[in-house]
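In what follows, a single structure is set out as structure tokens and then discussed.
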Amino acid sequence: MEWEVITKARRGDEAVPNLESYDKARAEFSWEAARAALDGLPGGGLNIAYEAVDRHVAKGRGDKLALRWLSKTGERRDFTYANLAAESSRFAEVLRRLDVGQGHRVFSLMGRLPELYIAALGTLKNGSVFAPLFSAFGPDPVRQRMELGDATTLVTTPSLYRKKVKPWRHELPDLRNVLLVGDEPPVEDTIDLATAMAECDGSMPCAAMEPDEMALLHFTSGTTGKPKGAIHVHEAVVAHHATGRFALDLHPEDVFWCTADPGWVTGTSYGIVSPLTNGVTMIVDEAEFDAERWYAILRDEKVTVWYTAPTAIRMLMKVGPELPQQYDLSRLRFMASVGEPLNPEAVVWSQEAFGRPFHDNWWQTETGGIMIANYAAEPVKPGSMGRPLPGIEAAIVTHDDGGAPEVVDAPMTPGELALRPGWPSMFRGYLHNEARYRKSFAGGWYLTGDLAMRDADGYFWFVGRADDVIKSAGHLIGPFEVESALLEHPAVAEAGVIGVPDEMMGEAVKAFVALKPGYEADEKLRKELLGHARKRLGAAVAPRAIDFRDVLPRTRSGKIMRRLLKARELGLPEGDTSTLESGA
Ligand code: AMP
């Protein structure tokens, strides 16, 4: 079906978009100019945290509200830029006193508490590397990522610590410090963060870093093997800042709400760094999705720019367009979405429900920042991810394994989405996995692993993933991680995990399991396996459904053919089965 292009008229009282004309902005843009929009430390060097908070204080904007935190229970805490600067300095000093040095990895595992934001900025200020984890991860994904990332320090809450870390804590030789947030009585072998912060005076200066020194470590999932730790450097802040201006249209007077959790890259790049470098007021909501709560936040906090995700939008759609009309949302100027395909119906619905469309944009953990977007001043084609940001060259390419990619010029022809390397927030490696990093590049292109098409106007359209990775409710899930957890159960001989279409979450994780002799494939065991996976992996990653099979399709070399499991599940053609082991 053809969807009508949405053109927008600016209301008289609205800010002029930062990107007024796409072609002009692209032609005029340079990364040098984008660098010059930031300050750098007074004595030289660069630090994301300085650009995010301290420079605003240095320029007399310290009293401006930087972060408003809304608790699950209705409490509100406000932090000005000066407050954030002082608190993050205290946190940096806590680290320094603990001998946590530059380049050391500091992990966080907690809900959206103010301390998470302070820890992120404080870690960067100390020159250490911030590695946020999603608090709904189970103990297995937490341990695996901390092990892979050589964690020296963890900031968490007492209950998450007890449930997910304590049992194996002493098996991680590098993990020296566990800092706990919250007012529970002291827990053995841990440090109470509030007490430690109270001993510091907030005057510790920000570490002067080189632009290409490691700042952030974000874990992402691949088809096989362990998660990958994507390395980002301090210079990424240049892209965080510029893309926030262009793709999210951030102006200093904005009240901005990014609903993403900092445990995923969106929640850090656009839930911490970009809004702060752009000097806006950002809203942080501790609670999970709730349609009425969300509309009340948009109204009460007078949110002007809202960045959310397709799963949430679909949940709002389910409640209906009448609900938002009961709230005064007249301050809302710009709405954007990321993380998974935004169906055209959702764009058209938002136009009806809010009088303005959601602007889809595309990027991934490795790119560190938005690469393709729909813009405030430009027409929106529902279903399209938009066009590459100024400074970003994107193309559709075809390539045989190992061959040099060839650019596909013909419009609407599927191929792999590729980007020309060189933007500042590009990942600089997968930690301890140089070979895998190198494999992401060919013939001068970074290969994204996504399949897409480009139309004659230069708009990009998402087609699917080139690999077996699953996107469920916006969370990237590696099938191997789920299969490994299932295989730890004594009844499981083989496991194959795929994503199946789900109306709300985009995809849902589904597992196929072959049992060891002597086990009965019944409802009781299915429930037990679902529970086992949930306990190990956490609710965000565990399968929603498990089917039993006598055998799973494998290639002759022994690899489970997830592609075939999926084709069979969805009743699609099985494609090339020449490598299939006979009998499967
Ligand atoms: P992550 O690294 O977890 O941020 O996931 C990145 C992946 O999410 C991309 O490679 C895409 O597969 C998917 N993705 C992100 N944004 C979009 C979008 N706007 N439309 C379709 N897929 C998206």
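The values are calculated or read from the model by the stated rules, or taken from the named source; none is laboratory data. Quick caveat, the model's predicted, so the values are computed rather than measured. All Cβ positions, even for glycine, are placed from backbone atoms using ideal geometry, and neighbour counts span all protein chains on display. Only protein heavy atoms, including side chains, enter the accessible area calculation; ligands, DNA and RNA are left aside. Shrake-Rupley method; radii C 1.70, N 1.55, O 1.52, S 1.80 Å.
I'm trying to understand the selection: among the residues of the range 12-26, which are open to solvent by less than 90 Å² (accessible area, probe 1.4 Å) and farther than 20 Å from residue 369 by Cα?
12, 14, 15, 16, 21
Taking residue 296 as the residue in question, decide whether it is outside any helix (DSSP H, G or I) and within 20 Å of residue 77 (Cα to Cα).
no
Would you mind finding the one in 356, 333, 428 that is in contact with an Asp or Glu (Cβ under 9 Å, 6 or more places away or on another chain) and over 30 Å from residue 211 (Cα atoms)?
Within the list 356, 333, 428, the selection yields 333.
Before we move on, is residue 23 without any contact (Cβ under 8 Å) to a residue 60 or more places away in the chain and assigned to a loop (DSSP other than H, G, I, E, B)?
Answer is no for this residue.
Do we have any residue at all in the range 558-572 that's more than 30 Å from the chain's Cα centre (by Cα) and within 29 Å of residue 346 (Cβ to Cβ)?
Within the range 558-572, one or more residues are more than 30 Å from the chain's Cα centre (by Cα) and within 29 Å of residue 346 (Cβ to Cβ).
If only one of 466, 442, 456 is touching a His at 6+ places or on another chain (Cβ under 7 Å), more than 24 Å from residue 242 (Cα to Cα) and of a type in the set (A, V, I, L, M), which one is it?
442
Restrict the check to the range 423-437 and report whether at least one residue is within 14 Å of the ligand (Cβ to nearest atom) and either open to solvent by 10 Å² or more (accessible area, probe 1.4 Å) or assigned to a strand (DSSP E or B) (or both).
yes
Tell me, which residue of the range 467-487 that is under 22 Å from residue 504 (Cα atoms) and of a type in the set (A, V, I, L, M) is nearest to the ligand (Cβ to nearest atom)?
Looking at residues that are under 22 Å from residue 504 (Cα atoms) and of a type in the set (A, V, I, L, M), I get 476.
Please go through the range 1-50 and give me each residue that is under 18 Å from residue 423 (Cα atoms) and of a type in the set (Asp, Glu), ordered by number.
28, 32
Assess whether residue 169 counts as being over 21 Å from residue 120 (Cβ atoms) and in contact with a helix residue (DSSP H, G or I) (Cβ under 7 Å, 6 or more places away or on another chain).
Here the answer is no, as residue 169 does not meet what is asked.
Return yes when residue 511 is crowded, with 19+ Cβ neighbours inside 10 Å and of a type in the set (A, V, I, L, M, F, W, C) and no when it is not.
It is true that residue 511 is crowded, with 19+ Cβ neighbours inside 10 Å and of a type in the set (A, V, I, L, M, F, W, C).
If I ask for residues that are within 14 Å of the ligand (Cβ to nearest atom), outside any strand (DSSP E or B) and closer than 22 Å to residue 476 by Cβ, which ones from the range 375-403 would you list?
383, 384, 385, 389
If I go through the range 374-422 residue by residue, how many of them are open to solvent by less than 50 Å² (accessible area, probe 1.4 Å) and of a type in the set (Lys, Arg)?
Number of matching residues: 2.
Picking from 464, 444, which residue would you name as being away from the ligand (no atom under 12 Å from the Cβ) and under 28 Å from residue 395 (Cα atoms)?
444
Do you know which residues across the range 448-467 are open to solvent by less than 20 Å² (accessible area, probe 1.4 Å) and in a strand (DSSP E or B)?
Within the range 448-467, 448, 449, 450, 452, 460, 464 qualify.
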